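Here's the structure, in structure tokens; my notes come after.
Values quoted throughout were computed directly from the atomic coordinates according to the rules given, and no laboratory measurement underlies them. Values in this document were obtained by computation on a predicted structure and should not be read as measured data. Please note: Cβ atoms are built from the backbone with ideal geometry, for glycine as well, and neighbour counts cover all protein chains shown.
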């Protein structure tokens, strides 16, 4: 049975369960930052998965990217699979803005500014609505 | 006609021209660091390309990942499309090691340590050989 890594769970809010990935909202108001975690036991490197599975993950990356673009109109998306600390395969999809806290530097390693609970829940509801609309 | 961004060209060595991407070696001995640049005019976001083109790029990411794994046996691959500074779409594929210069932090923003010309050329030849062997 697939178990979400504890650190990923602790650092994020659960949004929804897509076909191949869990979708998480990083608990950091500095950037609109979503994470896809493929529900595949022991997956570490995206490129070690079979190509069909990679393609399914890529389709969900596309979906999440489109939602971030629609809602936030970012300057740039940052899409990355790093995993130096948490080995469980996860893909960051982050909306970046020229005036965000560390632009143009990458976001990793900077201190997080947590959401107020209600603001996180509102954003999660909105993202779920966008996912539903996109699926239609 | 596709033109490689000047900053990408200045910061790297050209390795070879794959079907859809140029393959570059980042001029930084701190990490084995390759970059794929799709030869597509005005491409910025991977997820804005059509899915067939994305899949072709993904196949080349797989190829480069396998070559880095074969030659360097890294602790972890870092695969990322950021583009906060250079907008032209490019994908980083970096071999990371627990004892590398900034592990587990991301590599971007750290000062580069350039290759001696001959060492770069030797590595480029070796990567081209691995690409040829992999294509067989």
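Numbers at a glance
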| item | result |
| --- | --- |
| In the range A:46-63, residue farthest from the other protein chains (Cβ to nearest Cβ) [restricted to those that are in contact (Cβ under 8 Å) with a residue 40 or more places away in the chain and in contact with a helix residue (DSSP H, G or I) (Cβ under 7 Å, 6 or more places away or on another chain)] | A:63 |
| All positions within the range A:89-104 that are buried (at least 21 other Cβ atoms within 10 Å of the Cβ) and more than 10 Å from chain B (Cβ to nearest Cβ) | A:89, A:90, A:95 |
| Selected residue (only one of B:32, B:114 is more than 7 Å from chain A (Cβ to nearest Cβ), surrounded by fewer than 15 Cβ atoms within 10 Å (Cβ to Cβ), over 24 Å from residue A:62 (Cα atoms) and touching a helix residue (DSSP H, G or I) at 6+ places or on another chain (Cβ under 9 Å)) | B:114 |
| Scan of the range B:64-88 for residues that are more than 9 Å from chain A (Cβ to nearest Cβ) and in contact with a helix residue (DSSP H, G or I) (Cβ under 6 Å, 6 or more places away or on another chain), ordered by number | B:67, B:86 |
| All positions within the range A:64-80 that are crowded, with 21+ Cβ neighbours inside 10 Å, in contact (Cβ under 8 Å) with a residue 40 or more places away in the chain and in contact with a strand residue (DSSP E or B) (Cβ under 7 Å, 6 or more places away or on another chain) | A:64 |
